[in-house]
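J.: Questions regarding the structure given below will be posed in turn.
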Amino acid sequence: MSVPVAEMVSKNGPIARPAIGAIAFLAGLSCCAAPAWAHSAEGLAGGFAAGFMHPFLGLDHLLAMVSVGLWGAFLGRPMIAALPVIFPAVMAFGALLAILNMPQPPIELGIALSVLALGAAIACAYRAPIWLAGSLTGMFGLFHGFAHGSEIPSLADPVAFSTGFVFATGLLHVTGIGLGLASHLKGGTLAIRGGGAIISLCGMYFLVQAVAA
């Protein structure tokens, strides 16, 4: 069971500072970057290494991945384990649909909304029902899957690339979980919620860029 919000907020420990610092740093980088960086296969030869690095080049994707882990850690069991499984599973399905040339949803808009909504859920300490948290995470995973699945056919080694990409996504989920659990140990919920607010603001920036594109 996750720690009650009131108890966590009442105890601010030193570990909260590096947690909020890490989130703010990632969010700051994200707001300074074009969110479409990871949504183009130009210059990528494929392979595991290229796939592994790909999520780190698209900072909107990076923030969304870390946010999934953070929100899961905040929600506690069973979502701490379920959300990092749901997202990559549906993302893989979305990539398959893209490879099959299925009609695409508004990809950049959906990715921007994923960052905005996940950040807002963390900032507001929103304890969504299991079905809602799982549905939202899956829907966002679909958008990210479509974005990256459209790149795979043009790569030299799509299988290795996809393996590296999924592995890196899992590590980003674990990073978010680690930040969330660290804040729980010292009662750093206020710090994590502040980081969620920063992430949500970056999502708003991405949304404006997506609408203007």
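The values are calculated or read from the model by the stated rules, or taken from the named source; none is laboratory data. Just so you know, these numbers come straight off a predicted model, no measurement behind them. Cβ sites come from the backbone with ideal geometry, for glycine too, and all protein chains shown count toward neighbours.
J.: Condition check: modelled with pLDDT under 90, assigned to a helix (DSSP H, G or I) and surrounded by 20 or more Cβ atoms within 10 Å (Cβ to Cβ). Does Ala95 satisfy that?
T.: yes
J.: Continuing with this model, one more query. Would you confirm, using the coordinates I've provided, whether Leu179 is over 19 Å from Val90 (Cβ atoms), buried (at least 18 other Cβ atoms within 10 Å of the Cβ) and within 14 Å of the chain's Cα centre (by Cα)?
T.: yes
J.: Check Ser30 against each of (1) in a helix (DSSP H, G or I); (2) at pLDDT 50 or above; (3) surrounded by 15 or more Cβ atoms within 10 Å (Cβ to Cβ) and name the one condition it does not meet.
T.: Of the numbered conditions (1) in a helix (DSSP H, G or I); (2) at pLDDT 50 or above; (3) surrounded by 15 or more Cβ atoms within 10 Å (Cβ to Cβ), the odd one out for Ser30 is (2).
J.: Give Val66, Val85 a once-over and let me know the one that is modelled with pLDDT of 90 or more, in a helix (DSSP H, G or I), of a type outside the set (Lys, Arg) and farther than 21 Å from Ser200 by Cβ.
T.: Of the residues listed, the single one that is modelled with pLDDT of 90 or more, in a helix (DSSP H, G or I), of a type outside the set (Lys, Arg) and farther than 21 Å from Ser200 by Cβ is Val85.
J.: Which of the numbered conditions does Thr137 fail, given that it passes all the others? Conditions: (1) of a type in the set (S, T, N, Q); (2) assigned to a loop (DSSP other than H, G, I, E, B); (3) within 20 Å of Leu59 (Cβ to Cβ).
T.: Thr137 satisfies every listed condition except (2).
J.: Okay, moving on. Output the residues belonging to region 47-62 that are among the aromatic types (Phe, Trp, Tyr) and either in contact with a strand residue (DSSP E or B) (Cβ under 9 Å, 6 or more places away or on another chain) or farther than 24 Å from Ile199 by Cβ (or both).
T.: Once the filter is applied, which keeps residues that are among the aromatic types (Phe, Trp, Tyr) and either in contact with a strand residue (DSSP E or B) (Cβ under 9 Å, 6 or more places away or on another chain) or farther than 24 Å from Ile199 by Cβ (or both), region 47-62 yields only Phe48.
J.: I would also like to ask the following. Which of (1) assigned to a loop (DSSP other than H, G, I, E, B); (2) at pLDDT below 90 does Thr163 not meet, given it meets every other one?
T.: Result: Thr163 passes all but (1).
J.: Still on this structure, I have one more. Which residue, of Ile152, Ile111, is at pLDDT below 85, touching a helix residue (DSSP H, G or I) at 6+ places or on another chain (Cβ under 8 Å) and either surrounded by 19 or more Cβ atoms within 10 Å (Cβ to Cβ) or of a type in the set (Phe, Trp, Tyr) (or both)?
T.: Matching residue, one of Ile152, Ile111: Ile152.
J.: Here is a follow-up. Under 9 Å between Cβ atoms, at least 6 apart or on separate chains: pull out the pairs that start in region 191-202 with a residue that is within 12 Å of Ala64 (Cα to Cα) and end on any residue that is aromatic (Phe, Trp, Tyr) and assigned to a helix (DSSP H, G or I).
T.: Pairs found: Gly196/Trp71; Gly196/Phe74.
J.: If you go through region 69-82, how many residues are outside any helix (DSSP H, G or I) and in contact (Cβ under 8 Å) with a residue 60 or more places away in the chain?
T.: So the answer is 2.
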